[in-house]
Amino acid sequence: MRRTKIVDLLQSKEFGKQIIVKGWVRTKRGNKQVNFIALNDGSCIHNIQIVVDVPDFDENLLKRITTGASVSINGELIESQGSGQSVEIKAKTIEVLGECDPEKYPLQPKKHSLEFLREIAHLRFRTNTFSSITRIRHAMIFAVHKFFTEKGFYNIHTPIITASDAEGAGEMFQVTTLNMDSVPRTEEGKIDFSEDFFGRSTNLTVSGQLEGELAAMAMAEIYTFGPTFRAENSNTSRHLSEFWMIEPEMAFYDLDDNMDLAEEFLKFLIQYALDNCMDDLLFLSKRLQEEEKNKKADERSMELIEKLRFVMENDFVRLTYSEAIDILKNSKPNKKGKFNYPITGFGSDLQSEHERYLVEKHFKKPVILTDYPKEIKAFYMKLNEDGNTVRAMDVLFPQIGEIIGGSQREESYEKLTGRMQEMDIPEKDMWWYLDTRRYGSVPHSGFGLGFERLMLFVTGMSNIRDVIPFPRAPKTAEF
Ligand code: ATP
Ligand code: MN
């Protein structure tokens, strides 16, 4: 007989049926007559209750059933006597698959801090919080592919090791097989990468965009969904050194089409979570409310599910960077010197404190900012007629700030190479990228959604290290 998953047992009404259930013991309680085991197998947030008639079992066997132990139970599905659950299992035979020493097991049946759980990331899947996040993460991965598949986009695998360092999206991790103890040098004393594995200097990619654009120039609508790496020493709750990014790239899309797609995409993902992850969302919502009990009323965030619905029901506000700067410049926190980075005027780079002010305080809705000064954006963004701003768009979300960054791309060979010269980007390494503008160039657009930023929003968690199983961050690569 094969095991039945707890998620299916809890739905079942086949009382009297013989079943096998396997999982990990969350708690065991009871008395000399009867024991109750709360069992979880990862298939849902709920445990199933196993009823054990103590006199029917060997005393030593029952002693080995402790929190954290894994067991296989053969029993009968029965209607629950207690409240709170509809079904339970009356155990016939119990096999302990793996014991778990309760003296040494780091996960006690009580609330642990998220900081502590990060130190035992190899075990934190066994908590309700992380099993919920893991299930939602899976649902969101699936929803990403569903959304694009239904729209006729093709998924492209772009390289993880790259020789181009011109993406301009941040510091890169070097990939090399050179011997660090005796690095080969050129006559000028520089590192001789011609002796390295690829015969040149290579890095881990910061974005799949440039290769994505190559594919879009034939397949029209594509997306990538892969790991990206940034060696920035930023120890924030919104940055990882290794994160997953979804990057659609579309031929024949202008900036408005790009914004429409980004908004539709985010709403699709959030609706998918509401439709498919409600048990886990309810659990996380309760958890969040518990955590925020001690905060002042005006510092508490909106209830999680209400917040997700709120985003679904509202159009995102669209305005230009210049309009945003005017709002920020005249805002109370700016006038009172409350921003860490005061806004002086056009040209100021926006920090997350500014992004969150616009979203949470001023508009109280998600915001898409467009037409940023060219100086603070990448070389490939399409120049506006004013010659100063580019057709960039950043989608800003409550609690997070920037969740999506994108743009209409510069399709003109002359303008693109002009920007590259201004920004000191060597054309010779980028010949393949520039070829797309030489041969049948078309207007096109794309954006990047940081998958873990989406996960932060959907789960209501506040630290990005808690929405990826094994976070990579400065000085953090244990598991
Ligand atoms: P930020 O200004 O927030 O550092 P960015 O402008 O450097 O982000 P982009 O290069 O535009 O980011 O990357 C596209 C998207 O990838 C961002 O909108 C964000 O959702 C996500 N992202 C960027 N950097 C990180 C990171 N270090 N960790 C997790 N997600 C990230
Ligand atoms: Mn960005």
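FYI, it's all coordinate maths here, none of it is from the lab. Because the structure is predicted, anything quoted here is derived from the model rather than measured. As a convention, Cβ positions derive from the backbone with ideal geometry for all residues, glycine included, and neighbour counts pool all protein chains shown.
For the Cα atoms of the chain, what angle does the longest principal axis make with the long axis of helix 255-276, in degrees from 0 to 90, nearest 10?
Taking the Cα atoms of the chain, the angle to 255-276 is about 0 degrees.
Once you put a point 7 Å from the Cα of GLU299 and another 7 Å from the Cα of PHE173, both along the Cβ direction, what distance in nm separates them?
A separation of 3.5 nm, rounded to one decimal place.
What whole number of Å gives the distance from the Cα centroid of region 157-221 to the Cα centroid of region 348-402?
Cα centroid to Cα centroid, the span is 29 Å.
Return the long-range amide H neighbours of SER241 (sequence gap of 5 or more, or a different chain), with a cut-off of under 5 Å between placed amide H atoms.
Excluding prolines and chain starts, which carry no amide H, the hits are ARG472, ALA473.
Under 16 Å from a point placed 7 Å out from the Cα of ALA218 along the Cα-to-Cβ direction: which residues of region 130-163 have their backbone N that close?
So the set is 154-159.
Compute the semi-axes of the equivalent ellipsoid of region 6-98, taking the square root of 5 times each eigenvalue of the Cα gyration tensor, and list them largest first in whole Å.
Working through the eigenvalues yields semi-axes of 19, 15, 12 Å.
What is the set of long-range amide H partners of VAL175 at a cut-off below 5 Å, with H atoms built 1.01 Å from backbone N?
Result for VAL175 returns THR202, ASN203, LEU204.
Between LYS111 and ASP315, what FRET efficiency comes out of the Förster formula 1/(1 + (r/R0)^6) with R0 = 56 Å and r the beta carbon distance, rounded to 0.05?
Result of the calculation: an efficiency of 0.90.
Can you pull out the GluC sites (Glu not before Pro) in region 356-431 that DSSP calls coil and that have at most 13 other Cβ atoms within 10 Å?
GLU385, GLU427
Among the trypsin sites (Lys or Arg not before Pro) in region 247-342, which ones are in a DSSP loop with at most 13 other Cβ atoms within 10 Å of the Cβ? Mind listing them?
Of the trypsin sites (Lys or Arg not before Pro), the ones in loops of region 247-342 whose Cβ has at most 13 other Cβ atoms within 10 Å are LYS293, LYS295, LYS296, LYS336, LYS338.
Can you figure out the FRET efficiency of LYS190 with ASP349, using R₀ = 22 Å and their beta-carbon distance, to the nearest 0.05?
0.10
Which percent of Cα pairs goes in each bin when the distances of the chain are cut into 10 angstrom slices starting at zero?
Taking every Cα pair in the chain, the percentages come to 4, 16, 24, 22, 16, 11, 6, 2, 0.
By how many nm would the segment from GLN18 to ASP256 lengthen if fully extended, with 0.36 nm per residue of separation less the alpha-carbon distance?
Full-extension gain reported as 79.8 nm.
Short version: ³J(HN,Hα) in whole Hz for each residue of region 315-323, in order, from phi by Karplus 6.51 cos²θ - 1.76 cosθ + 1.60 (θ = phi - 60°), x for Gly and Pro, what are they?
5, 6, 6, 10, 8, 7, 3, 4, 5
Can you give the FRET efficiency to the nearest 0.05 for ILE141 and SER80, using r as the Cβ-Cβ distance and R₀ = 35 Å?
With R0 = 35 Å, the Cβ-Cβ based efficiency is 0.55.
Enter the angle in degrees (range 0 to 90, nearest 10) between the Cα long axis of helix 209-219 and the first principal axis of the Cα atoms of the chain, meaning the one along which they spread out most.
For helix 209-219, the angle is close to 90 degrees.
Using θ = phi - 60° and the Karplus curve 6.51 cos²θ - 1.76 cosθ + 1.60, what whole-Hz ³J(HN,Hα) does each residue of region 97-108 get, with Gly and Pro shown as x?
For region 97-108, the Karplus-derived couplings read 7, x, 6, 9, 5, x, 5, 9, 4, x, 9, 7 Hz, x marking Gly and Pro.
Test of understanding: what is the full-extension gain from ASN31 to TYR413, defined as 0.36 nm times their sequence separation minus their Cα-Cα distance?
Residue separation times 0.36 nm, minus the Cα-Cα distance, leaves 129.6 nm.
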